[in-house]
Amino acid sequence: MNRKGFIAIHEEDDLIRELLERWLGEAGYSVRVTGDELPCLVIVNVPSPPRAHVHIQALQAVYAAPILVLSGRFRRGLAGSTEAARRLGVKKVLPKPFTRRELLSAVNEALKGTD
């Protein structure tokens with residue numbers, strides 16, 4: 001049962017996608033690849049931040065939802081993540097690797113003010 005909302009995940013790595021699905025599902029979110037329901041959040045992996053704008057713009061054209069970007073190329077730390085999110089025009093970025101707590105905190109922060 002969808003208790004908190006539907007999150008769309010765009011992650012090519014099967015293991016990371018499955019981990020995201022499990023952690024988000026345990027936290028009460030619905031995670032599906034297809035469906036008529038509009039997502040409350042889009043999570044996307046960005047392997048190359050310099051080329052991310054085209055991919056992010058395409059997602060913004062499809063989804064009217066905040067975007068949380070994941071990447072192993074982002075620096076750790078609040079200032080680096082905040083600046084990267086501003087430059088990319090997204091709600092939040094989360095550097096890889098991340099913990100369950102970090103993921104859920106980033107999701108909650110990305111969803112603030114969207115209710």
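The values are calculated or read from the model by the stated rules, or taken from the named source; none is laboratory data. Here the structure is a predicted model, which is why all the values come from computation and not from measurement. With ideal geometry, Cβ positions are generated from the backbone for all residues, glycine too; neighbour counts draw on all protein chains shown. Remember, those area values only see protein heavy atoms, side chains included, never the ligands or the DNA or RNA. Shrake-Rupley method; radii C 1.70, N 1.55, O 1.52, S 1.80 Å.
Just subtract the alpha-carbon distance of L19 and R87 from 0.36 nm times their residue separation and send over the number in nm, one decimal.
Value of the extension gain: 21.7 nm.
Please give, to one decimal in nm, the separation of the simple spin-label points placed at E102 and L59, each 7 Å out from Cα toward the Cβ.
Rounded to a tenth, the inter-label distance reads 1.7 nm.
Kindly rank 101-109, 49-57 from highest to lowest mean number of other beta carbons found within 10 Å of each residue.
101-109, 49-57
Can you sort K96, K4, K112, K91 by 1.4 Å-probe accessible area, starting with the largest?
Largest accessible area first, the residues go K112, K4, K91, K96.
Once amide H atoms are built 1.01 Å from N in the peptide plane, which residues 5 or more positions from S30, or in another chain, come under 5 Å H to H?
Distant-sequence amide H within range of S30: R3, K4, G5, F6, I7.
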